[in-house]
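The values are calculated or read from the model by the stated rules, or taken from the named source; none is laboratory data. If you're wondering where the values come from, they're calculated on a predicted model, not measured in any experiment. Using ideal geometry, Cβ is built from the backbone for each residue, glycine included, and neighbour counts are taken over all protein chains shown.
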Amino acid sequence: MLALFKNRHILSLTGNGVMAVFSILTYSILYRFLPETDMGNWVFFQFAFLLLDTFRTGLLQTPLIKFYAGADLARQTTVAGSSWFIGLLVTGGFVLLNLLAWPLAAHTSDAGVLLLLTYFGISLVVTLPFNVAVWLLQAQQRFDAILTIRLLNQGSFILLTVLLYLLNKINLPGIVYSFLASSLLTSVVALVMGWARLGALRHKTRACVAEVFHFGKFSFGTFLCATLLRSSDTFIIKFMLGPAALAVYNLPQRLLEIIEIPLRSGLATAMPDMSAAVNRKRHDEVAHTLKKYAGSLTLLFIPIMLGVLVFADVIVLAIGGSKYVHTEAANLYRIMIVCALLFPIERFLGVTLDIINKPQLNLIKVLIALAINTTADILCIKFSGSIYGAAVASGFTLVASLGYGYWVLNKYLPLHYQDTFPLALAEFRSRLALLFQKVKLITHRNPTL
């Protein structure tokens, strides 16, 4: 059983599952402990901070994993040091911007804006080391260490928040200090354990810095556009149908986390494999990995989809409460979960374009999706006069994105999708046979079990 839980796929899935559960738990605690105004300002701070962090994550995460995975030790050290150099430059730029913005704090009465102007610089500083550590560990497929980092970060934040409540000192500044303290603790541990590889900074080279930055500028554009793509439905529904319709639409979107957890886990474990294959010039292996993961996830999603089609009303009642039972939420969930069957192939096509050093094509793919989604949202909502229009528009977006991704990637990789699902089924049989073999071995050694 210990060997089973050391499996990188299980560890990756566990890490993403833990993050999802901790996120729900954290917000559940804060919603109960903080007044509504303070909670709104905290959400605003988190959203704005993550938007600023997009500049760093989008610029570094994908190129670091791509150039690091599968490379020799000297190359890995150079990539790590060059990535650290870029990360420090970006973070230093935001710290300088924060210092220049401090005088503006005296001219605002908005608590959320004041919080952002005061703390966004220091927040980016204390989160940098453990973010770099997570990206490096992902490239090394050290998902056990990533799980440790995530547990430490989220767990310490929750503990500090509960401690503030027990001391009757819970307030918005206290929550911010807890966030900073938990981030600092996690970064110190990442540095002490050597996971962040800060010492590699002295091995940076101008050529590698330029290489990482050149690739990263495209992945940053893709990352930013993908964020805007996820947000476009929100803005359009709010202004065309109103906030009540947006609340109904947002509920099934949040419930799609049941799909996102295994999908993110699959991407996290597949990216280092594909990067290593590209660095060794094994393009057939890249195509094999793409089809294996995308096909396996699609097969995994089929029983999930069938379950949601049957029990959508029950799930909406359990998560959203009785006031959402007689709305469009359940039917929207059914439409979204059917569309989600295309998620694995569509996502892996984009990631593979990045991995084979064609990030500009992935950026075009996301821009096409953004343009089609925005246009289709407006037209479908206008013609249908209901929130169902937005869900139907998402289907058009997925098909267009998948079609372009397949067409352009097929120019560089031998993609033959007719063997995707047979390959996925063979992978499932292999995994099950290995699992049964391990269980048989355990029971043979321990007859009392």
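If you check Arg142 against the conditions, is it over 16 Å from the mean Cα position of the chain (by Cα), within 27 Å of Phe67 (Cα to Cα) and not β-branched (Val, Ile, Thr)?
Details: over 16 Å from the mean Cα position of the chain (by Cα): yes; within 27 Å of Phe67 (Cα to Cα): yes; not β-branched (Val, Ile, Thr): yes.
Here the answer is yes, as Arg142 does meet what is asked.
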*When you scan the range 188-214, how many residues do you find that are aromatic (Phe, Trp, Tyr) and within 24 Å of Arg142 (Cα to Cα)?*
1
*Examine the range 231-253 for a residue that is exposed (fewer than 15 other Cβ atoms within 10 Å of the Cβ), within 23 Å of the chain's Cα centre (by Cα) and of a type in the set (Val, Ile, Thr), and state whether such a residue exists.*
yes
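Hey, can you tell me all the residues within the range 342-358 that are basic (Lys, Arg) and in a helix (DSSP H, G or I)?
Selection gives Arg347 alone.
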*Thr205 among the hydroxyl-bearing types (Ser, Thr, Tyr), crowded, with 21+ Cβ neighbours inside 10 Å, in contact with a helix residue (DSSP H, G or I) (Cβ under 8 Å, 6 or more places away or on another chain) and at pLDDT 80 or above*: no
*asked:* Which count do you get for residues in the range 379-405 that are hydrophobic (A, V, I, L, M, F, W, C), more than 21 Å from Thr222 (Cβ to Cβ) and surrounded by fewer than 16 Cβ atoms within 10 Å (Cβ to Cβ)?
replied: 2
*Restrict the check to the range 257-265 and report whether at least one residue is assigned by TED's automatic domain parsing to the domain that holds Ala371, more than 27 Å from Leu361 (Cα to Cα), in contact (Cβ under 8 Å) with a residue 24 or more places away in the chain and of a type in the set (A, V, I, L, M, F, W, C).*
yes
*If you go through the range 194-210, how many residues are free of Cβ contacts under 8 Å to residues at least 60 places away in the same chain and in a loop (DSSP other than H, G, I, E, B)?*
1
*Go through the range 296-306 and count every residue that is out of contact with any Asp or Glu (no Cβ under 8 Å at 6 or more places or on another chain) and surrounded by 14 or more Cβ atoms within 10 Å (Cβ to Cβ).*
7
_One residue is enough: does the range 330-341 have a residue meeting the conditions in contact with a helix residue (DSSP H, G or I) (Cβ under 9 Å, 6 or more places away or on another chain), surrounded by fewer than 16 Cβ atoms within 10 Å (Cβ to Cβ) and part of a helix (DSSP H, G or I)?_
yes
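Let's see how each residue does on (1) under 18 Å from Thr91 (Cβ atoms); (2) at pLDDT 85 or above; (3) not polar (S, T, N, Q):
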| residue | (1), (2), (3) |
| --- | --- |
| Leu136 | yes, yes, yes |
| Gln140 | no, yes, no |
| Leu160 | no, yes, yes |
| Tyr165 | no, no, yes |
| Ile170 | no, no, yes |
| Ala196 | yes, yes, yes |
*Hey, can you tell me all the residues within the range 332-373 that are under 17 Å from Asn250 (Cα atoms) and either of a type in the set (Lys, Arg) or touching a residue at least 60 places away in the same chain (Cβ under 8 Å) (or both)?*
Leu332, Tyr333, Arg334, Ile335, Met336, Ile337, Ala340, Asn373
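Report, by residue number, each residue of the range 43-82 that is among the charged types (D, E, K, R) and in a helix (DSSP H, G or I).
Asp53, Arg56, Lys66, Arg75
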_Exactly one condition in (1) without any contact (Cβ under 8 Å) to a residue 24 or more places away in the chain; (2) at positive phi is false for Ser231; which is it?_
(2)
*Going by the structure shown, is Val408 under 22 Å from Gly216 (Cβ atoms), in contact with a Leu (Cβ under 9 Å, 6 or more places away or on another chain) and assigned to a helix (DSSP H, G or I)?*
yes
*For Pro272, indicate whether it is closer than 22 Å to Ile146 by Cα, buried (at least 19 other Cβ atoms within 10 Å of the Cβ) and either not assigned by TED's automatic domain parsing to the domain that holds Ala393 or not acidic (Asp, Glu) (or both).*
yes
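Looking at the range 374-383, can you tell me whether even one residue there is out of contact with any Lys or Arg (no Cβ under 6 Å at 6 or more places or on another chain), among the small types (Gly, Ala, Ser) and at pLDDT 90 or above? Write out each step before concluding.
Narrowing the range 374-383 to residues out of contact with any Lys or Arg (no Cβ under 6 Å at 6 or more places or on another chain): 374-383.
Checking the rest, the ones that are also among the small types (Gly, Ala, Ser) come to 376.
When the remaining residues are screened for being at pLDDT 90 or above, the result is 376.
Within the range 374-383, one or more residues are out of contact with any Lys or Arg (no Cβ under 6 Å at 6 or more places or on another chain), among the small types (Gly, Ala, Ser) and at pLDDT 90 or above.
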*Tell me, yes or no, whether the range 176-197 has at least one residue that is in the same structural domain as Thr54 (by TED's automatic domain parsing), among the basic types (Lys, Arg) and within 27 Å of Phe67 (Cβ to Cβ).*
yes
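Between Ile158, Ile170, Ile149, which is hydrophobic (A, V, I, L, M, F, W, C), farther than 30 Å from Arg206 by Cα and not in a helix (DSSP H, G or I)?
Exactly one residue qualifies, and that residue is Ile170.
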